[in-house]
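The values are calculated or read from the model by the stated rules, or taken from the named source; none is laboratory data. Please read these numbers as outputs of a predicted model, since none were measured by experiment. Here Cβ is always computed from backbone atoms with ideal geometry, including for glycine, and neighbour counts include all displayed protein chains. Just so you know, the surface numbers come from the protein's heavy atoms only, side chains and all, with ligands and any DNA or RNA stripped out. Shrake-Rupley method; radii C 1.70, N 1.55, O 1.52, S 1.80 Å.
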Amino acid sequence: VLNLGWFNAPASRGMLMHTKVFGRYNGPEDVTSETRNFTEINVIDNYATSAKAVIHVVDKNGQPVKDANVEFKVYNYAEFYTVATKKTNEKGETFLSAGKGDMLVWASKDGQFGYSKVSFGKQADVKITLDKSEGETYTLPLDIVPPTENAVMPEVTPEQRAENTRRMAAEDSIRTAYTNTFLTVEKAEEFVKEHGYSSEIAPLLVASRGNHKTLTEFLISVPAEKQKLAVQLLQLISAKDLRDITREVLDDNIKNTENLPSVYAEKVLNQRVGNEVLVPYKTFFKTQINSVDAEKFRLQPNLLVEWCAREIKIDNEHNAQKLIMSPVGVWKARVTDKQSRDIFFVALARSLN
């Protein structure tokens, strides 16, 4: 039974589900937004009972406001988070279909704004007046009620349930057999003692879980004069990177990074800059930038800023999904989006120590 899972009940309380379809999409679902690369569609009806609310935006004189920005917000982690943004038409109208709960709808244009709570399923039409200005301060009571749980659970036979239980037990045994290969605290402490590393490395090896072999092989290969640097590196990288960083990235980093005072290590040593996929880049950049230019950039970092501004063309339009280019890819293409350019700049600076 493919449509039975732990998420059936939580999904039934969803306010909005959406997905991206390549190109211009003309299916039955409501279009949330459209770019030159993809169409974002509303698929809430696949998961929960929904209702449509039409938003009418007017000015202080009651006249419709065209091209007003309308943000639909759910209360999440102590903030109102925008899940969909639309523009009003000539009649000052836009709409959204959502799960039967409450959202805050915020409309704005030219420094004026207004907002209203919208209860989907109870309010089919809501008027919002742009009667407030930026800088106003006040408080108001607001109760936001989420949708009630209404899970649709497909029926399963006793035989199907028994087979599912058997398969889950088999999956658990496979997983347990694999996790039993991870380093224990005792094994990690034995390793660091045997290879002359400080005991503070042991917890990191345990935390690396299935990636412990990558880390231990890397630590064994590090020359004695760079062991301190290797310890600093593993202490800096995130818990996620401990679990999936590759040997190539670690080797590239240690080979091309000088021993640093700890105050600088965090800013130079870590291979990660933002949310990019980790790839080796320091060796590449050292082969591309001659020693004279490298020294100029180190002495006057602003020259590197100017070089990036001059040589790297910014094109945000064609990367609508905001995928991050690798630093090496940016160097080769000389065109990228702003975020990838910024990550490239930091990666290049770190490569030059």
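The condition of being among the acidic types (D, E) and either surrounded by 16 or more Cβ atoms within 10 Å (Cβ to Cβ) or in contact with a His (Cβ under 8 Å, 6 or more places away or on another chain) (or both) holds for only one of E311, E276, E266, E295, that being E276. Confirm whether L219 is free of Cβ contacts under 8 Å to residues at least 24 places away in the same chain and more than 15 Å from V346 (Cβ to Cβ). The answer is no for L219. Just one of the listed residues (V335, V279, V273, V330) is over 30 Å from S33 (Cβ atoms) and not small (G, A, S), and it is V279.
Residues in the range 116-145 that are farther than 25 Å from K66 by Cβ and in contact with a strand residue (DSSP E or B) (Cβ under 7 Å, 6 or more places away or on another chain) were compared, and the one that is modelled with the lowest pLDDT is L142. Per the listing V263, V273, the residue uniquely assigned to a loop (DSSP other than H, G, I, E, B) and β-branched (V, I, T) is V273.
Would you call A202 among the hydrophobic types (A, V, I, L, M, F, W, C), out of contact with any Cys (no Cβ under 6 Å at 6 or more places or on another chain) and more than 21 Å from F218 (Cα to Cα)? Answer is no for this residue. Would you check if there is a residue in the range 31-41 being at pLDDT 95 or above, touching a Ser or Thr at 6+ places or on another chain (Cβ under 9 Å) and surrounded by 14 or more Cβ atoms within 10 Å (Cβ to Cβ)? Yes, that holds for at least one residue. Checked against (1) touching a Phe, Trp or Tyr at 6+ places or on another chain (Cβ under 7 Å); (2) not in a helix (DSSP H, G or I), C308 passes all but a single condition, namely (2).
Look at the range 69-82: where a residue is over 23 Å from K109 (Cα atoms), no partner that is of a type in the set (F, W, Y) sits 6+ places away or on another chain with Cβ atoms under 6 Å.
Of all residues in the range 279-292, which are part of a loop (DSSP other than H, G, I, E, B), within 25 Å of K322 (Cβ to Cβ) and open to solvent by less than 40 Å² (accessible area, probe 1.4 Å)? Matches in the range 279-292: Y281 only.
Of all residues in the range 155-182, those that are over 30 Å from V206 (Cα atoms) have Cβ atoms under 6 Å from Cβ atoms of residues that are surrounded by 10 or more Cβ atoms within 10 Å (Cβ to Cβ), 6 or more apart or on another chain, in V156/V1.
Of all residues assigned to the range 49-60, at least one qualifies as being exposed (fewer than 15 other Cβ atoms within 10 Å of the Cβ), out of contact with any Lys or Arg (no Cβ under 9 Å at 6 or more places or on another chain), touching a residue at least 12 places away in the same chain (Cβ under 8 Å) and over 27 Å from A151 (Cα atoms).
Scanning the range 328-343 for residues that are in a loop (DSSP other than H, G, I, E, B) and either touching a residue at least 24 places away in the same chain (Cβ under 8 Å) or open to solvent by 50 Å² or more (accessible area, probe 1.4 Å) (or both) yields a count of 1.
Scanning the range 1-25 for residues that are closer than 25 Å to K322 by Cβ and assigned to a loop (DSSP other than H, G, I, E, B) gives G14, M15, L16, M17, G23, R24, Y25.
Could you tell me whether the range 106-128 includes any residue that is over 24 Å from L16 (Cα atoms), of a type outside the set (G, A, S) and in contact with a Ser or Thr (Cβ under 8 Å, 6 or more places away or on another chain)? Yes: one or more hits. Figure legend. Inter-residue proximity from the range 299-327: first residues within 19 Å of S351 (Cβ to Cβ) and at pLDDT 90 or above, second residues assigned to a helix (DSSP H, G or I) and open to solvent by 90 Å² or more (accessible area, probe 1.4 Å), beta-carbon distance below 9 Å, spacing 6+ or different chains. Indicated pairs: L303/K296; L304/K296; L304/R298.
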